[in-house]
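One structure is given here, and the rest of the page talks about it.
Read the figures in this text as sums done on the coordinates, not as results from a lab. Since this is a predicted model, take the numbers as computed values, not measurements. No Cβ is skipped: glycine too gets one built from the backbone with ideal geometry, and neighbour counts run over all protein chains shown.
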Amino acid sequence: MSNDLPLFALSEEHRAIRSAVRELCEAKVAPYAAAVDEESRYPEEAARALQQADFHAPHVPEEYGGAGADALATVLVIEEIARVCMASSLIPAVNKLGSMPVLIAGSEDLKRHYLGRLASGEGGFSYCLSEPDAGSDAVAMRTRAVRDGDSYVLNGVKRWITNAGPGEFESEFYTVMAATDPDLEPRERARGISAFVVERTDDGVTFGAAEKKLGIKGSPTREVYLDDVRIPAGRMIGEEGTGFETAMRTLDHTRVTIAAQAVGVAQGALDQALGYARERQQFGRAIGDFQGMQFLLADMGMRIEAARQLTYAAAGRSERGEADLAFFGAAAKCFASDVAMEVTTNAVQVLGGYGYTRDYPVERMMRDAKITQIYEGTNEIQRLVIARTLR
Ligand code: COS
């Protein structure tokens with residue numbers, strides 16, 4: 001047995017990507033993270049730096065002008081950004097989420113046209129599945145797309161759309177799921193849903209006010225209104241009636257990136273807790289010398305590493321398109337986000353009163369971590385998806 005190629009380690013290339021992103025994040029993302037949160041403003045410095053380094057949408061294949069990062073490399077990029085600023089990590093994460101339907105099911109024309117524009121930095125890509133009355137029950141969507149000659153006409157409201165808006169850094173492109181056959185029986189309804197690319201400059205597209213959120217305050221979330229939006233039929237992604245399947249297959253891949261965010265924010269909180277435990281003196285010694293504190297920190301480190309390994313294993317399934325990806329994507333997202341919530345909460349505990357103030361980043365990390373248990377499917381939905389695969 002050879003010793004020079006560990007079976008269970010990152011490749012040289014993956015390690016190089018991780019250290020390049022880490023360096024960039026320390027210099028150009030971390031310094032602005034607190035202000036971005038405090039002022040609920042777009043992380044423009046991060047957006048520019050990520051774009052310059054080609055980390056804004058690293059998953060776009062080289063053939064469409066992208067960096068061609070595989071699923072694991074994309075996870076590493078997102079994990080490292082989330083370690084210092086969760087809101088900024090949504091830039092590559094949402095660009096992958098929004099464009100994945102095109103990659104999975106789009107025509108060659110759509111891929112060339114839109115992935116190239118995403119990769120070049122011309123515009124970001126958002127994903128529009130949820131609606132005011134269709135969250136976990138995504139099939140219940142009311143947005144309609146009606147065929148009219150060579151066009152489709154879309155009407156409806158999409159809610160909780162990450163990075164939606166008219167701003168310079170907000171998304172130019174939107175994958176919109178809409179019912180093309182709304183009269184099917186409830187059990188058949190998924191087959192009446194289709195996916196489309198909508199551009200924000202299309203007539204009839206407008207946006208709601210930015211939501212006031214608990215965390216990820218630097219990442220805008222808005223409603224998207226579609227009022228008689230007429231788009232060419234060629235902007236349908238895949239065949240009519242396949243939109244729901246495409247939406248679900250997309251989430252199988254991108255739940256892995258939410259797991260990456262969760263691992264990153266948890267690691268960021270542990271790093272802060274470790275630094276504090278080493279420095280903070282009480283009862284004549286560093287609090288990290290107390291066994292109670294060591295046990296807490298040990299549990300944090302252990303759980304983060306378990307979440308990381310599951311996330312990387314899920315990334316491998318995503319890259320290879322393996323049949324058990326639905327299980328791995330849901331399991332990684334659910335496990336890592338529960339770990340992130342626990343670890344960030346414990347990090348606040350380690351810092352005590354200081355941890356509860358905005359003078360230290362752990363309270364922000366705790367608020368930011370919460371969303372990973374909710375978006376791209378609540379953890380209750382992940383458990384449902386997992387349970388179905390166990391049969
Ligand atoms: N891959 C491919 N196809 C899938 C799929 C997947 N992972 N999951 C479901 N489908 C298909 C099913 O095979 C089924 O097709 P047929 O009708 O041809 O058999 C169709 O999609 C409907 O699936 P299902 O019957 O499972 O639909 P349900 O209404 O029971 O809902 C859940 C399934 C709950 C899993 C789905 O609605 C869901 O994931 N909800 C959460 C949505 C979400 O994550 N929202 C977050 C917004 S994105 S930020």
>> If I model a spin label at residue 63 and residue 27 as a point 7 Å from the Cα along the Cα→Cβ vector, what separation in nanometres do I get?
In response: 3.4 nm
> Per the Kirkwood definition applied to all pairs of different Cα atoms, how many angstroms is the hydrodynamic radius of the chain?
Replying inline: 21.4 Å
> So how much slack lies between residue 279 and residue 387, counting 0.36 nm per residue of separation and subtracting their Cα-Cα distance, in nm?
Replying inline: 34.4 nm
> Whole-Hz Karplus ³J(HN,Hα) for segment 324-332, in order, using 6.51 cos²θ - 1.76 cosθ + 1.60 and θ = phi - 60°, x for Gly and Pro?
Replying inline: 8, 4, 4, 4, 5, x, 5, 5, 5
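Net charge around residue 74, counting only other residues with Cβ within less than 10 Å of its Cβ (Lys, Arg = +1; Asp, Glu = -1)? Display every interim value, and only then the final one.
Numbers: positive: 96; negative: 70, 79, 319.
Here the count lands on -2.
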>> Can you give me the convex hull volume of the Cα atoms of segment 62-203, divided per residue and expressed in Å³?
In response: 132 Å³
>> At 7 Å along Cα-to-Cβ for each site, give me the label-to-label distance between residue 212 and residue 9 in nm.
In response: 5.2 nm
> In a GNM of the chain with a 10 Å cut-off on Cα contacts, which of 15, 235, 249 has the highest mean-square fluctuation?
Replying inline: 15
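Would you please name the GluC sites (Glu not before Pro) within segment 1-104 that are DSSP coil residues with at most 14 other C-beta atoms within 10 Å of their C-beta? Mind dumping the intermediate values first?
On the way: sites: 12, 13, 23, 26, 38, 39, 44, 45, 62, 63, 79, 80; in loops: 39.
In loop regions of segment 1-104 (DSSP not H, G, I, E or B), the sparsely surrounded GluC sites (Glu not before Pro) are 39.
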>> At a 10 Å Cβ-Cβ cut-off, how would you order 248, 177, 293, fewest neighbours first?
In response: 248, 293, 177
> Any idea what angle helix 12-28 forms with the longest principal axis of the chain, computed on alpha-carbon atoms, 0 to 90 degrees, nearest 10?
Replying inline: 80 degrees
> residue 111: which lysines have alpha carbons under 19 Å from its alpha carbon, excluding same-chain residues fewer than 8 sequence positions away?
Replying inline: 96
